[in-house]
Each structure stands twice: as structure tokens, then as C-alpha cells.
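Since every read-out is calculated from the coordinates, none of them should be taken as a lab result. Model, not experiment: these values are computed from the prediction. Quick reminder, even Gly has a Cβ in these numbers, built from the backbone with ideal geometry, and neighbours come from all protein chains shown.
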Amino acid sequence: MLSVTGLESGYGRARVLFGVSLEVEPGQLVCVMGRNGVGKTTLLNTVIGVLPATAGTVTFDGRDITRLKPHERVRLGMAYVPQGHQCFPTLSVLGNLLITVEAAKQPRAAIDAALEVFPALRPLLKRSAGHLSGGQQQQLAMARALVTKPRLLILDEPTEGIQPSIVLEIEAAIQRLHAAGLAVLLVEQYLDIALRLADRFVILDGGQVVRTGAAEELHGEEVRRLLAV
Amino acid sequence: MPAFLNQLPIGLSIGAVLLLIALGLTFTFGQMGVINMAHGEFIMAGAYTAFLLGDLLAALPVAFLVAGVMGLVLERAAIRHFYRRPLDTLLLTWGVSLVLQQLARDLFGAPNVQVPAPSWLAGGVGILPYNRLFIMGLAVAGVVAVWVYLTRTKLGRRTQAVVQNRQLAATSGIDTGRVDMLTFFIGSGLAGVAGVALTLIGPVGPALGTYYIVDAFLVVVAGGLGQLRGAVLAAIALGLLNSYAEFWSDASLAKVIVFAVVIAFLQVRPQGLFVLRSRVLT
Ligand SMILES: Nc1ncnc2c1ncn2[C@@H]1O[C@H](COP(=O)(O)OP(=O)(O)OP(=O)(O)O)[C@@H](O)[C@H]1O
Ligand SMILES: [Mg+2]
């Protein structure tokens, strides 16, 4: 469904990705891992189109989307939850959901469906998003992604810097969405969570893929060694 | 005493004009990081539109369109290639500004022209002349329209989203390029309306915009980028400060005073009157 081939990108003259290739099959959960600063976020930003690819291709459902704008990719069925539980701070929780549902040209019912996944947001709908806790903002960010009715969900460190009780809720939500058939491209720094969720691993180092494999092929020990500083 | 009071409507109407001008600037600067020096020439274009039409009420919408389209063309043809590079946009639009002024000189001649005020604006109530009241009303209408647009329409909410977090807006499915075009159109159009307003209080010349653009930028900086409330308060304050500084000293010393006050204010509050606050940003 998503196929990335020989992808290169970076910031100005500083190249970060040196020919990254990976595949996400329909319904699959692929976890990208790697040490801090290896280019995980850069990879996801290039896949969604916030950063332009300087070489290589991104295809989605067989269609070359390398040159499409981010909003066009969203309309094709990709959704992105960036690192750092971002939201539109002055809008209410509902406002955040509405603006996304409208922009993605989805019916309002999509909001209800997303709130089924994150019921904790229901009592907060009128609250200003800037005043939520980090964990609540992360749930809102994921709900925002869901209202676009994606077929591929791209998550950048959804559990980073979030209180433990909500980490569990988020993990459970990802698990349920994946079980319901949603394809997920996940960046996750906690190995235990990654090992519980992932079908496949892609391990990055220095802007390149150094190891890839199915969850069964890759033992925790080996991954741990590859991620060790 | 009456002379002192007479400065009040003058200051308020200058503030009103500054506000109409600054609304466009604060959003193009806050949203796109563009310092548009050619914004002053949209004021000039609006004023010449009023001169050509000779009818105040007809000139308002036409000037909005004329200046809006000029802004749109400038944005599409040049500025959009320089987003988030304020210094480059400053040089680029400064050049455009000089070209547009020369164009106005070729078209309308270098000497100032006078636009006759409609007879129904002669007179006033108490210390408030009707023409100054009309300008204040125009600014109030402009602010209300912008506020309704930003908070009550789909496109306006998208504009707010782009101002707050461009990448997040793009990845939420918002076509940020279209939002940018629209912001430019509306902001430039309001400068055109400001130009029409200025024909009520003075002559029109090719350099009209240059007299106001610097003060309008001061309003933007003092009010906080992309902040409606901040722009309103800063514009009124600067308008009053301008007119009273001029009243107590003279025109050139007044400029120095205004600059000094704004710089002193920015020492205390470098971020302007209002800033976007959230846990994400702090
Ligand atoms: N906006 C930017 N401008 C310039 N360089 C950047 C920018 N963002 C990231 N980088 C650099 O690119 C490299 C890869 O960063 P990236 O954010 O992709 O890493 P990451 O794997 O996501 O790290 P983390 O685990 O900390 O999130 C780093 O060396 C970083 O310093
Ligand atoms: Mg990252």
C-alpha cells in the first residue's frame, strides 16, 4: 500500500536520509526504530510531504505521490500525527476535530467514530486544546487523524513524554485500530511497546535502513543491540 | 482646551486607518513570514481608485477588489517563492513598491491630486467631524468583518489554523497555498479601503503609502503578530500618540517620539501586546 524507494531528503544542504526504502502492506503495522536524531521524523515528514524528497519515490496504492502536497496525500487516505502532541491551541477540542473533518471533506459522523476510539475526549470537547495535558493532546491529535478516515495512519512517537496511564490507553487504541484493519507506520522509542504492536520492524541508523524484518525474525535482544548507543 | 480635544478625532481616525492597513500586514507577516513593503502601494491604489471613480461609496468595494487583486498577483508571481524568508521578501517587495510608485507617477502625474469629499460628510457633531467618524466606522466594520471571517467561517478557521501551525494545518488536509492566497487578497483589499479613507483627510500622491507603511509595521510589531486584539489596541494607541506628539511638538519630532515609545515598549514586551500561548509552544 505504501512503498518508499531510495528516499533522500534533509534540511537545506544538510542531507538526513540517504536512500531509505520500506513497504507497508495493507493492514500491516510497521515500526520504524532508531536512535535519537537518525532521521525517523525526517522520514515521516517526507512520506507525508511536509519535506520535499530530493531523490527517490513514495507511492501509495500504486500511485506515485512523491510530488503531491500534504493535503492531497491526506485526501488519498494517509493521516499523520506528528511528534510532540501538536494541536491548534486556541481552538476547542471540537474545533480541532471540526477543522480537520471539514478540510478532509469527511462527514461529521467521522467525529463520533473517532470519539468511540478516544472516549476520554468526550467531556473535554468544549475545552481549549491549548489547556489540555500532553496525554490528552496526544489523544486529540490521534482523533484528529482518525476523522480523516485514513487507510494508513502515520504516528511519530505517540507515547513520548506522556503520563503512563495514558500511554496504556494509546497503546490499546493503536492495537484496536490495527486489529480493525488499519495500516500503521509507527515510530516508537519504547522497545516493549514496539515489540507488542509491530508486525515488521525497520531499523534506521545514520539516515539508512540497517535492518528490517518480521517481528518473529527479530528478537528483542538483536533490536536492543542495534538501538544501543 | 478645544484645540487639545480636536486632536482626539484626528488621532482616532489616524489609528483607524493604521488599523485597516495593519490588519493585512499582521496576517501576512504572522502567517507567511512575509514583510510586504508593497502593501503601502495597495493603499495608494485604493486612493487613486477613489480619485478615478469620484464616488466614495462605489470606491470602497472597487478599491478592495483592485488592491486585493494586486496583492494576489504579487503573492502568486513573486512572494510565495520567498515564504519564511523575511529579509528576502523585504528587498523584493521594496523593489515592487518603487516600481508601483513610478507607475503611478506615469499614470497620474507626480503632483498630488485632491478627491472632493461628498457633501454629506461635511460638518460634524461636536468635536467629531463626519469624515473622521466615517473613517472610524470603516475601521470598526473592517475589524468586525475580519473577526467574523476568522471565527465564524470555514475558511477563516483554516486561516487561524495555518497561522498557529502551518505543518499541522497541511497535514490536517488544509490546502495552505489557497489559504495564503486568500489572506493576501483580503489583507491587500483592506489596504485599498484604507486608501479610500485617506482621500477624506488629505491629498493623494504616488508616495501616499510610504507615509503610513512604517507606522503600520509598528502597529504589527507592538500588537503581536497575527493578533487581532493586539492590532486594534496598538493602532488606536499609535494613532493617538502620533496626533498628540504632533500637537505638542512638530511632525518630524513626533515621528521620533513615536519610534522611541514603541522601542521602549518592545524592550518591556518584545513579543508585543499579545502572543499565542499554549503548552505546545512553551
Ligand atoms: N528543522 C530542521 N532543520 C535542520 N536540521 C534538522 C531539522 N530537524 C531535524 N534536523 C536534523 O536532522 C537529523 C534527523 O532529525 P530527526 O528529527 O529526523 O531525527 P529523529 O530520528 O526523529 O530523532 P528523535 O528520536 O529525537 O525524534 C538530526 O541530526 C537533526 O538535528
Ligand atoms: Mg523524531
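Just B:Asn131, B:Asn112, B:Asn36 to compare: in a GNM of chain B, with alpha carbon springs under 10 Å, which one fluctuates most?
Comparing B:Asn131, B:Asn112, B:Asn36 in the GNM, the peak value goes to B:Asn112.
Please sort by residue number the trypsin sites (Lys or Arg not before Pro) in segment A:1-73 whose DSSP state is loop and whose Cβ has at most 10 other Cβ atoms within 10 Å.
A:Arg13
Round to a whole angstrom and tell me the spacing of the C-alpha centers of segment A:61-135 and segment B:217-275.
Here the answer is 39 Å between Cα centres.
How do A:Glu216, A:Glu116, B:Glu75 line up, fewest other C-beta atoms within 10 Å first?
Lowest to highest Cβ neighbour count: A:Glu216, A:Glu116, B:Glu75.
To the nearest 0.05, what FRET efficiency results for B:Arg105 and A:Thr54 with a Förster distance of 45 Å applied to their C-beta separation?
The computed FRET efficiency comes out at 0.50.
Check the straight Cα-Cα distances from A:Lys40 and name the lysines below 27 Å, setting aside those fewer than 8 residues away within the same chain.
Counting by Cα, and skipping residues close in sequence, A:Lys40 has these lysines nearby: A:Lys69, A:Lys149.
What is the fewest-to-most order of B:Leu92, B:Leu23, B:Leu57 by other Cβ atoms lying within 10 Å of their Cβ? Mind showing how you got there, number by number?
Numbers: B:Leu92 21, B:Leu23 28, B:Leu57 10.
Lowest to highest Cβ neighbour count: B:Leu57, B:Leu92, B:Leu23.
Looking only at Cα atoms, what is the convex hull volume of the protein assembly as shown per residue, in Å³?
168
Can you name the helices of chain B, as whole DSSP H runs, whose Cα span along the helix axis is 27 Å or more and whose Kyte-Doolittle mean is not below 0.0?
Answer set is B:2-32, B:56-77, B:86-108, B:130-152, B:176-198, B:228-248.
From zero outward in steps of 10 Å, how is the percent of C-alpha pairs of segment A:84-149 spread across the bins?
Result returned by the calculation: 26, 62, 13.
What residue among B:Ala170, B:Ala161, B:Ala197 shows peak mean-square fluctuation when chain B is described by a Gaussian network model with Cα springs under 10 Å?
Result for chain B, Cα springs under 10 Å: B:Ala170 fluctuates most.
Seen from all sides and averaged, what is the projected area of the convex hull of the Cα atoms in chain B, in nm²?
Here the figure is 15.4 nm², rounded to one decimal.
Sticking to Cα atoms, compute the Rg of segment A:81-229 to one decimal and its Dmax as the biggest Cα-Cα distance, whole number, in Å.
16.3, 47
Compute the angle between helix A:93-103 and the longest alpha-carbon principal axis of chain A, please, reported from 0 to 90 degrees and rounded to the nearest 10.
With rounding to tens, the tilt is 70 degrees.
When the Kirkwood radius is taken over all Cα pairs of segment A:42-107, what Stokes-Einstein diffusion coefficient follows at 25 °C and 0.890 mPa s, in µm²/s?
The Stokes-Einstein estimate is 186 µm²/s.
Rounded to the nearest whole Å³, what is the per residue volume of the convex hull around the Cα atoms of segment B:151-282?
Numbers: hull volume 17.5 nm³, N = 132.
Expressed per residue, the convex hull around the Cα atoms of segment B:151-282 is 133 Å³.
Whole percent per 10 Å bin, from 0 to the bin with the longest distance: what is P(r) over all C-alpha pairs of segment B:1-117?
Taking all Cα pairs of segment B:1-117, the binned fractions are 12, 37, 32, 15, 3, 0 percent.
So how tilted is helix A:134-146 from the main axis of chain A? Cα-based, degrees 0 to 90, rounded to 10.
90
What range in chain B is the longest one free of trypsin sites (Lys or Arg not before Pro) that are in a loop by DSSP and have at most 14 other Cβ atoms within 10 angstrom?
Counting only loop sites that pass the neighbour cut-off, the longest clear stretch is B:85-276.
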